[in-house]
1. Run the numbers for Ala32 and Ile98: contour at 0.36 nm per residue of separation, minus the present Cα-Cα distance, in nm.
2. Got a sec? What order do Ile104, Ile110, Ile53 fall in by accessible area at 1.4 Å, biggest, i.e. largest, first?
3. Please find the FRET efficiency linking Arg23 to Ala56, where r is the Cβ-Cβ separation and R0 is fixed at 41 Å, and quote it to the nearest 0.05.
4. Starting from the Cα-Cα distance between Tyr109 and Leu66, subtract it from 0.36 nm times their residue separation and give me the gain in nm to one decimal.
Amino acid sequence: MLVTPVFWAVLYSADKYVGGEHRWLNASVHAANLGCILVDVVAGSMVLSPHWIHPAILAFVVVLYLALAYLNKAINGWFTYNFIDYTRHHWMVLVFAIGILAAIVLVYYIIYALQLLLDRFLPPKVSLSSPLPLSSDSDDDGEFKA
C-alpha cells in the first residue's frame, strides 16, 4: 500500500521518463498496485490479526529490501534509488526509513480497523472462526437426501 505514495512523492519525476510509453508503464504499474490492494481490502475477506508480529514481518521485508539495495551498491557501485544514498542525504535516509516503518504499522492497523468495520456491517458468509458443517445434506446413515 505504501509503494504507490512513495513512488509518486519521492521517485517519480516527469523529466526522468522521456517517452510516453515508459511514463505510462510506470504510472499504470504503480496505480494498478494500489487499485488491486484497495479492491482486496474492500471486496476480499482478509483475515488480519491485531498481533504486533504481522506488521513486524512486513517491516522486516522492507529492511531486507533495503539491504538488497545496499548490496547492489556494494557490488555494482550504484544505488537503486538515489534517496537511499547515505553519502548525499546522510541522516535523512534514517529518518525516511523510520518513517516508512512507522507508516507500515499505521497502514496495517488502519486496514485492520477497516476490515473490522466491513465484517461488522457486511459479515462474510463463512469465516475461519465458524467452521463449515461436516454433513449438512446427509441423514444419520451418511447417505445424501434427494
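The values are calculated or read from the model by the stated rules, or taken from the named source; none is laboratory data. Remember, it's a predicted structure, so these values are computed and weren't measured experimentally. Please note: Cβ atoms are built from the backbone with ideal geometry, for glycine as well, and neighbour counts cover all protein chains shown. All accessible areas refer to the heavy atoms of the entire protein, side chains included, with ligands and DNA or RNA removed. Shrake-Rupley method; radii C 1.70, N 1.55, O 1.52, S 1.80 Å.
1. 21.2 nm
2. The ordering from most to least exposed comes out as Ile110, Ile53, Ile104.
3. Working from the Cβ atoms, E equals 0.70.
4. Taking 0.36 nm per residue and subtracting the Cα distance, the gain is 13.2 nm.
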